[in-house]
Structures are given as structure tokens and as C-alpha cells.
Amino acid sequence: MGYDDVITHLGDFGKYQRWIYFLICLPTITCAFHKLAGVFLLAKPEFRCVLPFENDTVKYELPESIMTMAYPKDALGKWKTCEYFNANYSSDYFNSSTPAPDTLTCDRFVYDHSKYENSAVTEWNMVCNKSWLSATSDAMFMLGVLLGSIIFGQLSDKYGRKPIFFASLIIQVIFGVLAGVAPEYITYTISRIIVGATTSGVFLVAYVIAMEMVGPTYRLLAGVVIMMFFSVGYVLTALFAYFIHDWRWLQIALTLPGLLFMCYYWVIPESARWLLSKNRKEEAIENIKKAAKVNKVTIPEDILNNLLENEADKKEQTTSQPEKSASVFDLFKYPNLRRKTLLIFFDWFVNSGTYYGLSWNTSNLGGNDLLNFVIFGAIEIPAYTFLLFTLNRWGRRTILCGCMLFAGVMLLLTIVVPTEHTWLIITLAMLGKLAITASYGTVYIFSAEQFPTVIRNVGLGAASMVARIGGILAPFANLLADYWKPLPFITFGALAFTGGLLSLLLPETHNKPTLETIADGERFGKKSKDLDEEGCAEELKDIMPKKA
């Protein structure tokens, strides 16, 4: 008897599981704080060079007549505020109405404080030839997320879900505050890297705890709803930014709520599945009985004994006949499995890059930055709700391909929208974000069903790493807006559209048997005739289970 059979007696989603699930979802809100905070921490307001005749009390606003004589324009008629005309700026010069022929590069800047009181960008002048520093800081944050998914994932498998969850929370609070008081760019960026790593430790471990205590029939609901809590955190980030205008206090304010979850240590149990896998029988039994008491059900002792005996037999069998550990290289040994793996990796790369690229690009849309940010966060709730009603009806591939294609079309349409029609650009970007959020939620489930059981964790881990690469590159793609405002949208749109088309090559997994072996994965989605024609039949013989 397996643990899932015990869950049926305990209740797939009883009162105890619902209560713990709700508590474990709340910390994902703080993960959203840290992942989206960069929009405001690294906000880049309008700026210009401080001109030679201006003093320390300089203001951003200048009459257009002075702007014309002080700053050149680019091909699109926009002021080049990273350089100014090399002139004496006397009254005779301004009266001449003829700008100087040469320009000089800025060494001092003045910022428009009407939208943002300050930010890390304005404090450390990360503009013009230093604008790459802000993009690098966001990229390094995503590098931290990548490293955290590897480090904390392995630690949680070795030492347990609960201690790693709380260790991540403690580290997140310490380095979140340190980022807020950092005296210079390097300290700030290193602190943000570590905070990024802890978001994986908190979110992924919370996700695993939630999924391991829920019965099979509720896993889709549980997996989607926890993402909705992340979206709530997305929207609340804007609420903090609305009331707190100093970037350092904002960073600290977004970090301190993590302290509230420290009291969970006496409430959140260790995963019974993990305890059984480590042969800690008494603790697993205690947790199961506690849940049964709250759910007002009784689990017969013989069922618990059978469970423990079954787990002990599995452990003894694994010890006596150790199996070779699956490797990511096994995904590339066989042609059909390799083709599907590369397609899945590309989907993860595109979804992550486009999702975070759009999330971090709200300040380039025009209009009210806070309102844009709230809309982009709130739109995720209907996206996830859409998945709850359609994934088990229309199939995974249909949703993934359709959403990616729709996102691509919406973002590519920004090419033909005049820049003065800000509302239309925001609408198209919002629809693109809606669709890419839905496809991002789908790719988790679709990928898990594409990889065989023997290599599922390895495959999902590798796909997640590829996704982080997309997130790392997203801030640099947003820098393209400095050259042409729609260029980031065009880049993300082209990638999303391409990914949607390529996903049509993946086989549908809905209502299909679970893939168990490498051979199942190689056969799935390909006719045996095609396998023979490509010379794969001999390769399959090596990975087919031997008959007794």
C-alpha cells in the first residue's frame, strides 16, 4: 500500500491539509515581492545632463528653447540626454538659434522626481553608458534563483523540507535588509543574488510540501492556486511602492513580512512522504495521526502498518539492488526523446524570458507605471483560473500552443501601433502577459507528463535551469527600448510565436498513460514504423525492460 492510498482514507484535501496549504501559500507572496521589486528599486526616471551653467540646485525641467540649444535629437526626434552640445551657453549663444556642431558626454545628471523620489539607479547614476549595471543586477538576481533551485532543492531532499524552508526564510530576511542598507552597487547586487536564491528555497520547498500532502485528484488545483498567491504578492508590491517612495525603505519593507512566517516552525509539519523515504517511521505516523484527528477520520492501524512495511521493503530492495541514477544526458541519447527534450527546454526558456521581461518592462509602456504594474499582476488571476477550467478539457498541448501563439501575436502587433497611442500598447502588452502567464503555468504540468518517471525530476530540474537563463537575459532584452520602444515586445513576441509553433511537434499527454521508462519516453509520440525507418529499433532494445 502506498502513501496515496493512505491519503484516500485521510482525505484528499481535508480540513488539516487545507489549513496547512493556506499557511504554506502565504510565504509565496514575499517571494513575489523580491522577484518583482526590481521594477521600483531600479526604476529609471527621465533624466538629462547637468549643463555647465547649472548649479547644485538644478531642476529637471527646462524650457524647450533651452533644450533645443543644449541637447541633440536622435533619428526619432527624441532628446539625446546622455550628451549635450559643446558650447559656451552664453546669452549670445541662446539668441543665435544655431546649436553647436559638436557634443560632449555627460558626467553629471539631474532626474525627474515627479514619479520616483529616488532609486538605486538615480543614487548610483546607472544611466547612459552605465545602464547595463541595472540590467546586470536583475540578471544576477535570476542567477541567484537558478543557483537556489539547485542548492535548496538538493538540501531539502537530504535534510528535509521543513528545516530548509525556514533556513531560506531566515537568510532571505537577513540579506533582504542588507540590500536595503547596501552602501554601494556590489554589496547591493550580491545581497540580491542571495535573496534570489532564497526565493527558490521558500517557493519551491513550499510548493513541494503542499503537493506532497494533497491527494492526486486535487493536485492540479493545489498547483495552480499556489501560483495565484504569487500573483497576489505581485499586486501588493505596487501597494508598497505607492506608499514608500524611498527605494531603501521599500526594500526593507518588502523584506520584513518574512519575519511573520517564523512562527510557522511550530505549526508546519515535516512532509510525511519525506519522513517515510528516510525511514523515520514514528514521526511519519505521528503526522498522519495528527492530520486524521483534525480531519475527524480514523485510519486503521493495519493500514499504517502495511504502509510502513511497504516502505521498509522498498528501502531494502533498493539497498540490495541499487539502480543506476538517471542523468540529464539520458534525455539526449535517443532521437525522439532528444527532440522532445529540446522543444520543452525552448518552451521553458521562452516562457520565463517573456514572463519576466514583460513584468520588468512596465515602466517603458508609458502612462502610469504603478497602474500598469498592478494590471500586469492582476491579469495573472484570470490566466490561472482559465487553466483550472481548460487543462483537463482541451488538453495540455492545445493550451500551451494556443497561449504562446496568442502572446506572440499580441506583442508583435505593437510594431504597427503609433507611440502616441499608449493605451493600445498597454492593452496589447497586457493581453500578451495574460497569455504567457497561462502558458507558463501549463508548461510545468505538460513537461512533467512528457518526461518518464525514471528521469522526471532530472528533466524538470534541467528545464527549470534553462528557464532561469531566459530570466537572466530578459533585463538585457528590455534595454533595447533605449533604441526603439517596441523592440523588447517584438523580441519576446517573436520568441513566443516561434515557441508556440514548435510546441505543435510535441505529443498530447492528456488522458495518456504515465510514462515510466526511458523506452516509454522514446516511443511516446512516434509510430513504431518511424522508429524502424530511423534505425532506432536497435537502440530501443537496449533500454526496453528485459522479460523474466
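The values are calculated or read from the model by the stated rules, or taken from the named source; none is laboratory data. Quantities reported herein were computed from a predicted structural model and do not represent experimental measurements. FYI the Cβ positions are ideal-geometry reconstructions off the backbone, even for glycines, and counts take in every protein chain you see. Please note that ligands, DNA and RNA were not included when accessible areas were found on the heavy atoms of the full protein model with its side chains. Shrake-Rupley method; radii C 1.70, N 1.55, O 1.52, S 1.80 Å.
Taken as Cα centroids, the range 444-487 and the range 137-190 sit 20 Å apart, rounded to the nearest whole angstrom. Looking at the range 15-127, the accessible area is 50 square angstrom per residue; that uses a 1.4 Å probe and ignores ligands, DNA and RNA. Reducing the range 240-282 and the range 51-106 to their Cα centroids gives an inter-centroid distance of 51 Å. Annotation: Arg456 carries an accessible surface of approximately 50 Å², with a 1.4 Å probe and no ligand, DNA or RNA atoms counted. The Cβ shell under 12 Å around Leu358 holds other residues with a net charge of 0, Lys and Arg each +1, Asp and Glu each -1. Site-free segments of the chain were taken between GluC sites (Glu not before Pro) in DSSP loops having at most 16 other Cβ atoms within 10 Å, sites themselves excluded; the longest one is 185-322. With the simple spin-label model, which puts each label point 7 Å out from Cα in the Cβ direction, the Thr385 to Asn95 separation comes to 6.7 nm. Across the range 62-169, the mean sequence separation of Cα contacts (distance under 8 Å, 6 or more residues apart), normalised by length, yields a relative contact order of 15 percent. The residues of the range 199-287 have, on average, 43 Å² of accessible surface per residue, using a 1.4 Å probe with all protein chains present. Our estimate of slack between Asp482 and Ile170, defined as 0.36 nm per intervening residue step minus the Cα-Cα distance, is 108.5 nm. What the Cβ-Cβ distance of His421 and Lys158 gives, at R0 = 35 Å and to the nearest 0.05, is a FRET efficiency of 0.05. Proximity of backbone amide H atoms, modeled 1.01 Å from N, is registered between Thr103 and Asn86 at under 5 Å, excluding neighbours fewer than 5 places apart on the same chain.
Accessible surface calculations at 1.4 Å, restricted to protein heavy atoms, place the range 441-513 at 40 Å² per residue. Using r as the Cβ-Cβ distance of Ser277 and Arg108, and R0 as 45 Å, what FRET efficiency do you calculate, to the nearest 0.05? Taking R0 as 45 Å, the efficiency between Ser277 and Arg108 is 0.15. For the chain, the 222 nm mean residue ellipticity estimated from helices alone, with every DSSP H stretch of n ≥ 4 adding -39500 (n - 2.57) and the total spread over all residues, rounds to -21000 deg cm²/dmol.
Take the Cβ atoms of Thr298 and Thr217, set R0 to 22 Å, and the FRET efficiency comes out at 0.55.
Accessible area of Leu155 (1.4 Å probe, protein heavy atoms only, ligands and nucleic acids ignored): about 60 Å². Legend: distances between Cα atoms for Lys15/Lys293; Lys15/Lys296; Lys35/Lys340; Lys80/Lys115; pairs beyond 18 Å are Lys35/Lys340; Lys80/Lys115.
Computed with a 1.4 Å probe on the full set of protein chains, the accessible area for Trp394 sits at about 150 Å².
Straightening the chain between His245 and Asp56 buys 65.8 nm, computed as 0.36 nm per residue apart minus the Cα-Cα spacing.
Report note on the peptides 185-191, 223-229: ranked by the mean count of other C-beta atoms within 10 Å, highest first, their order is 223-229, 185-191.
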